[in-house]
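Accompanying notes for the structure given below.
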């Protein structure tokens, strides 16, 4: 049976969507990453996947926010580990925003019938959420990286959708998913078929207003350089946002 890979830029509703899939009866991991200040309602991410991605990023000398498109490579040992994960009957479904950085690798290792669900959200809402939560030191220091990384992650996502069959993926605007849940749920049930164990659910089964609660903390003023870069990537991001909307 096919597995499901859920990913999207950080703060784009991937945790909420993963919780939704679990409510539908889909196992999203045996050991899940614990909730913390960055996401007090939980991440719903399999620890083995998260630790693998983090380990590879660390060896490549980077975190998960960038000032340019990242060049990430797997060494022979990591390739074998990824193949082992991909063939593991226990880990069939997972969610991790960092998966976007490894999609070309995973698509080579995972079974051909793997299904992908890509989440995205308005770039300014995402960057505002990243800046205001104040848990990422690099974002605190360089606020423009919030929207710049929206562009980087979603550009990588968009490029990947150009390489695979449209039958293998769904691309979902999380705000549209919430505001038109009945219709969106039907589309997802049709896409995942027998993988959905419980299709009789309502939005209130997994969603509460605290998921997207407004953080009222004030943020530090941006430098002139950050303001200029933020404006530039805001323009680029909305152009890409429109392309993603067309693929919706």
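The values are calculated or read from the model by the stated rules, or taken from the named source; none is laboratory data. As the structure is a computational prediction, the values presented were derived from the model and not from experiment. Cβ: placed from backbone, ideal geometry, glycine included. Neighbour counts: every protein chain shown.
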Exactly one of these conditions fails for residue 77: (1) surrounded by 11 or more Cβ atoms within 10 Å (Cβ to Cβ); (2) assigned to a helix (DSSP H, G or I). Give me its number.
(1)
Of all residues in segment 187-218 being under 20 Å from residue 120 (Cβ atoms) and at pLDDT 95 or above, which is surrounded by the most Cβ atoms within 10 Å (Cβ to Cβ)?
188
Residue 62 meets each of (1) in contact with a helix residue (DSSP H, G or I) (Cβ under 6 Å, 6 or more places away or on another chain); (2) within 22 Å of residue 233 (Cβ to Cβ); (3) surrounded by fewer than 17 Cβ atoms within 10 Å (Cβ to Cβ) with one exception, condition (1)
Name the residue, out of 145, 170, 157, that is outside any helix (DSSP H, G or I) and at pLDDT 95 or above.
170
Of the residues in segment 28-47, how many are in contact with a strand residue (DSSP E or B) (Cβ under 9 Å, 6 or more places away or on another chain), on the phi < 0 side of the Ramachandran plot and surrounded by 17 or more Cβ atoms within 10 Å (Cβ to Cβ)?
6
Residues that are under 27 Å from residue 131 (Cβ atoms), touching a residue at least 12 places away in the same chain (Cβ under 8 Å) and in a helix (DSSP H, G or I), drawn from segment 24-58
49, 50, 53, 54, 56, 57
Do you know which of the residues in segment 5-27 that are crowded, with 22+ Cβ neighbours inside 10 Å and over 12 Å from the mean Cα position of the chain (by Cα) is nearest to residue 90 (Cα to Cα)?
21
One residue from 105, 120 being surrounded by 22 or more Cβ atoms within 10 Å (Cβ to Cβ) and closer than 26 Å to residue 240 by Cα
120
Is it fair to say residue 131 is without any contact (Cβ under 8 Å) to a residue 60 or more places away in the chain, in a helix (DSSP H, G or I) and either in contact with a helix residue (DSSP H, G or I) (Cβ under 7 Å, 6 or more places away or on another chain) or surrounded by fewer than 15 Cβ atoms within 10 Å (Cβ to Cβ) (or both)?
no
Starting from segment 102-117, keep only residues that are modelled with pLDDT of 95 or more, then list their pairs with residues that are in a loop (DSSP other than H, G, I, E, B) and surrounded by 19 or more Cβ atoms within 10 Å (Cβ to Cβ) whose Cβ atoms are within a distance under 6 Å, requiring at least 6 positions of separation or different chains.
114/3
What are the residue pairs meeting all of these: first residue in segment 164-185, first residue at negative phi and surrounded by 15 or more Cβ atoms within 10 Å (Cβ to Cβ), second residue part of a helix (DSSP H, G or I) and at pLDDT below 95, Cβ atoms under 6 Å, and 6 or more apart or on different chains?
171/247
Cβ-Cβ under 6 Å, sequence separation 6+ or interchain: first residue in segment 1-23 and within 17 Å of residue 199 (Cβ to Cβ), partner part of a helix (DSSP H, G or I) and at pLDDT below 95. Which pairs?
23/205
Single residue of 100, 79, 85, 72 found to be more than 21 Å from residue 18 (Cβ to Cβ) and touching a helix residue (DSSP H, G or I) at 6+ places or on another chain (Cβ under 7 Å)
72
Determine which single condition residue 67 fails, assuming it passes every other condition in (1) in a loop (DSSP other than H, G, I, E, B); (2) in contact (Cβ under 8 Å) with a residue 60 or more places away in the chain; (3) in contact with a helix residue (DSSP H, G or I) (Cβ under 8 Å, 6 or more places away or on another chain); (4) under 22 Å from residue 49 (Cβ atoms).
(4)
Determine whether residue 91 is surrounded by 16 or more Cβ atoms within 10 Å (Cβ to Cβ), in a loop (DSSP other than H, G, I, E, B) and either modelled with pLDDT under 95 or in contact with a strand residue (DSSP E or B) (Cβ under 7 Å, 6 or more places away or on another chain) (or both).
yes
